[in-house]
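As structure tokens, the structure follows; a few thoughts come after it.
Where a number appears in this text, it was derived from the coordinates with a stated rule and is not lab data. These figures come from a predicted structure and were not determined experimentally. Cβ coordinates were reconstructed from backbone atoms using ideal geometry, including for glycine residues, and neighbour counts include every protein chain displayed.
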Amino acid sequence: MANTYTALHYHIVFSTKQRERWLRGDIEDRVWAFIGGIAHKNKMTALQVGGIDDHVHVLIGAPPSIAPSKIAQLIKGGSSKWIHDAIPQMHAFAWQDGFGAFSVSKSSVRGVSKYIRDQRLHHRHRTFQEEFLLLLQVHGIDYDERYLWT
């Protein structure tokens, strides 16, 4: 698109299916790096990737032609296939069906990056479910708890 200039950043959050603790410390760096590679391959920039055993946070810069739902689809689908191929003992691994996507202003990128880097610290006191509910509330997103954790 000629003469189109954007600075679009998204904080994408999703968990493993049923919040099973698949993403152990011995493999997480490989998974985070692969997610960064998926972003790069699709003309996006993974500014920060992190999480803990049962979920992932991705701070990503994306062009306007890629919707947040497509970003989540690319990251979840590509990483799931890679995990199955590269780590045979994880053949039963799966991501949850849904995701959270939150817009991030340029002025907040540094703070969100730090938040993602500090996931292990945050989760000493808060579960993924508590964290995700807080993110929904902070961003003013209505939700139906009956469908939240499926």
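Observations on the structure shown:
- Evaluated over the range 1-129, the Cα radius of gyration and Dmax, each in Å: 14.5, 49
- Between amide H atoms placed 1.01 Å from N, distances below 5 Å from Trp95 occur with Lys17, all of them 5 or more places distant or on a separate chain.
- Rounded to whole Hz, the Karplus (6.51, -1.76, 1.60) HN-Hα couplings of the range 29-37, x for glycine and proline: 4, 5, 5, 4, 5, 5, 4, x, x
- Taking only the Cα atoms of the range 102-147, the radius of gyration and Dmax are 12.1, 35 Å.
- In order along the range 58-69, the phi-based Karplus estimate (6.51 cos²θ - 1.76 cosθ + 1.60, θ = phi - 60°) of 3J(HN,Hα) comes to 10, 9, 9, x, 9, x, x, 7, 10, 6, x, 5 Hz; Gly and Pro are listed as x.
- Highest-fluctuation residue, Val58, Val138, Val31 considered, GNM on the chain with Cα pairs under 10 Å: Val138
- Rg of the Cα atoms in the range 13-75, relative to 2.2 N^0.38 Å, amounts to 1.10.
- Among 140-147, 106-113, sorting by the average number of other beta carbon atoms lying within 10 angstrom of each residue, highest first, gives 106-113, 140-147.
- A viscosity of 0.692 mPa s and a temperature of 37 °C, combined with the Kirkwood radius over Cα pairs in Stokes-Einstein, give a translational diffusion coefficient for the range 58-150 of 212 µm²/s.
- The chain - mean residue ellipticity at 222 nm from DSSP helices (-39,500 (n - 2.57) per run, n ≥ 4, rounded to 500): -13000 deg cm²/dmol
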